[in-house]
1. In debye, nearest 20: dipole of the chain around its Cα centre with unit charges on the Cβ of K, R (+) and D, E (-)?
2. Calculate one ³J(HN,Hα) per residue across region 23-30 by plugging θ = phi - 60° into the Karplus curve 6.51 cos²θ - 1.76 cosθ + 1.60, and present them in order as whole Hz with x for glycine and proline.
3. Please list 77-90, 54-67 highest first by mean number of surrounding beta-carbon atoms within 10 Å per residue.
4. By how many nm would the segment from ARG121 to MET1 lengthen if fully extended, with 0.36 nm per residue of separation less the alpha-carbon distance?
5. Mind pulling the per residue volume of the convex hull built on the Cα atoms of the chain? Å³ is fine.
6. From Cα coordinates alone, what are the radius of gyration and Dmax values for region 63-132 in angstrom?
7. Go through region 66-71 residue by residue and turn each phi into a ³J(HN,Hα) via Karplus (6.51, -1.76, 1.60, θ = phi - 60°); whole Hz please, and just put x for glycine and proline.
8. Give me the number: length gained by fully extending ASP59 to ALA87, i.e. 0.36 nm times residue separation minus the C-alpha to C-alpha distance, one decimal in nm.
Amino acid sequence: MAITDKIYLKNHRQLASQLDTNLPKGAFKGATLDLLFQGEGLEKLDDASQQRVLDFTQDFLDCDCQDNPYCGCAERKFMRYLLELRADGLGPEAIVDVMTDDYMLYAYPGDVLSFLDDSVRTLEAIESLASVEGSGEAERQAARRKQELSG
């Protein structure tokens, strides 16, 4: 299960009430992405919520893919965002705090930790494969990224 399946809307019930619609708790669920991508009714949100929703939409749903928002770009961008927060030295709890402040999203710190651990393991595999293949540059890049995440 991808980390984006474990990212939830903070104040889910409040947002659903303001929008006067059923809204899944998952930030990357189809109905949530539909609502955000189409932008219908977002003017009903209070100013703070509206700004965070707009920030999320601009930061993660902005792509030129024909299948947007179902192209996977939003999920990849969000995973990159999490990895960048970790590379900046934040731990799982701090990452959750930042994503809540930035976008009104939350996750369980243990889920974030598992995602980061899986990312490090993937980089270790890339590093090993690059070594076997004799691709020194790929091996160095994977080692550098692994170091950034291992912190």
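The values are calculated or read from the model by the stated rules, or taken from the named source; none is laboratory data. Everything numeric here is computed off the predicted structure, so don't read it as measured data. Methodologically, a virtual Cβ is constructed for each residue, glycine included, from the backbone with ideal geometry; neighbour enumeration extends over all protein chains shown. With ligands, DNA and RNA removed, areas are computed over all heavy atoms of the protein, side chains included. Shrake-Rupley method; radii C 1.70, N 1.55, O 1.52, S 1.80 Å.
1. 320 debye
2. For region 23-30, the Karplus-derived couplings read 9, x, 6, x, 5, 10, 6, x Hz, x marking Gly and Pro.
3. Values: 77-90: 16.3, 54-67: 13.5.
Output ranking for 77-90, 54-67: 77-90, 54-67.
4. 41.6 nm
5. On the way: hull volume 17.6 nm³, N = 151.
Spread over its residues, the Cα hull of the chain gives 117 Å³ apiece.
6. 14.3, 43
7. Karplus-based 3J(HN,Hα) across region 66-71 equals 5, 8, 3, x, 9, 7 Hz.
8. Working: separation 28, 0.36 × 28 = 10.08 nm, distance 1.86 nm.
Length difference between fully extended and current span is 8.2 nm.
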